[in-house]
Amino acid sequence: MTRTLISVMVLLGVLAAGHLLIDEKGYLLVAVNNYTIETSLFALGVILIFALLLGSVLLNLAGTLWRAFARSRGWLKGRKSKRQQQAFEAALWACINGDDEQLQQALSIADLPDQWQDQQRAMAARVALQQLQPAQALAHLQAMSPESQGQVAKLWLEANQGEQALLLLGAQMDEKKVSDNVVASYLDALLQAGKGQQALALIQQRHKQLGWSESRWQQYLHALFAIDESSAQTTFNALPKALRPLAAPALTQQALRLGQFDAVRGDLLKYLKKGQYQQLAEALQYAGSSDPELRKLIQAALQKQPEQAELLFSLACLANAEGEHELAAKIFDTLAKSPWQALWQQQAEQAYAKTGQFDKAYLLATQ
């Protein structure tokens, strides 16, 4: 730009100087309709130079103002982006810590960045579910993009939308590569919907893909066996061999609920002989009937270890199952002197309620 201005000025200077050298100022007449302009070439050159200089100044001023405006917009945009980022971080930490009140507050401060809008809606749906507002949660879930809806199947399930969860996850299960999270969510949905056969088939096909811990597998297997108690043994036999040892406690519990001691007596006696009293107690809490042979062996073991808490609890469970609630209540009175375990809760409440000791049952229920 500077070079152009200098070139124009030199050119006009040469033109003006040429006329001056020959003592001719030059003459210019411009007529437009009723308007006429008369001037010399030298004056015209001066006017053009000033016009160019003024134009250059105005252009520079306009550029300066535009850059200032752009910087202010960038600053405002950066401030908004920073605020959104802070809100997202606060919401994320609140979600990790399970602090729904803080999560709701963080989500109300500002909308999250566009790429996190679905996550914001998912967290808002979680808060609504915690506040027992399923309709509001459903609205947040439906506002999510179709791709993201399949990532929050558990929220759909909590919103009592099991069929929608199965539909979304079923479409993802048909893809070539299926993530562990999708498989786990689909299994959750099948179990909640009571589709035991489909859940069993999924476990048979995908159990190697899921690198779950033993406790997590046992949790899912318990849910699987609870769907149809009458076919517990059939379900157990259909499981992959690697999972059968983990399913043994669930099978034992189902058999005890149904009073089928013959099917699990060997396992219970093994627990007793090996001193695995915790496993014995965890199984007998589900006893729907008693077994004279097992009861005698537990009483014999108590003669050697009269204060063994798990053995006492096991005896109380069998007493409750036989209707001897007075004996069970006396046992729980002695267990109250030991550190109380959540395992004893249900059986103790039953014993106290059946013997008319409602104050003790109430205290346990309200702990």
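Couple of notes before you dig in:
- Condition met for Phe332 (touching a Leu at 6+ places or on another chain (Cβ under 7 Å), surrounded by 15 or more Cβ atoms within 10 Å (Cβ to Cβ) and assigned to a helix (DSSP H, G or I)): no
- Candidates in the stretch 291-314 are the residues that are within 16 Å of Gln341 (Cα to Cα) and surrounded by fewer than 19 Cβ atoms within 10 Å (Cβ to Cβ); of these, the one that is nearest to the chain's Cα centre (by Cα) is Gln308.
- Tally, over the stretch 231-246, of residues that are open to solvent by 30 Å² or more (accessible area, probe 1.4 Å) and assigned to a loop (DSSP other than H, G, I, E, B): 2
- Of all the criteria given as (1) open to solvent by 70 Å² or more (accessible area, probe 1.4 Å); (2) in contact (Cβ under 8 Å) with a residue 24 or more places away in the chain, the one not satisfied by Tyr362 is (2).
- Verdict on Gln209 being open to solvent by 20 Å² or more (accessible area, probe 1.4 Å) and either part of a helix (DSSP H, G or I) or free of Cβ contacts under 8 Å to residues at least 12 places away in the same chain (or both): no
- Inter-residue pairs, beta-carbon under 6 Å, first touching a residue at least 12 places away in the same chain (Cβ under 8 Å) and in the stretch 324-347, second charged (D, E, K, R) and outside any loop (DSSP other than H, G, I, E, B), 6+ apart: His325/Lys354
- Number of the condition not met by Gly288 [criteria: (1) closer than 23 Å to Ala342 by Cβ; (2) in a helix (DSSP H, G or I)]: (2)
- Set side by side, the residues Gln198, Gln218, Gln119 differ, and just one is in a helix (DSSP H, G or I) and under 30 Å from Lys82 (Cβ atoms), which is Gln119.
- Residue check, Ala321 in contact with a Gly (Cβ under 9 Å, 6 or more places away or on another chain), surrounded by 15 or more Cβ atoms within 10 Å (Cβ to Cβ) and within 30 Å of Ala232 (Cα to Cα): yes
The values are calculated or read from the model by the stated rules, or taken from the named source; none is laboratory data. The model shown is predicted, which means the values in this text are computed figures rather than measured ones. Glycine gets a Cβ as well: all are built from the backbone with ideal geometry, and neighbour counts include every protein chain shown. Side chains are part of the model used for accessible areas, which takes the heavy atoms of the whole protein and leaves out ligands, DNA and RNA. Shrake-Rupley method; radii C 1.70, N 1.55, O 1.52, S 1.80 Å.
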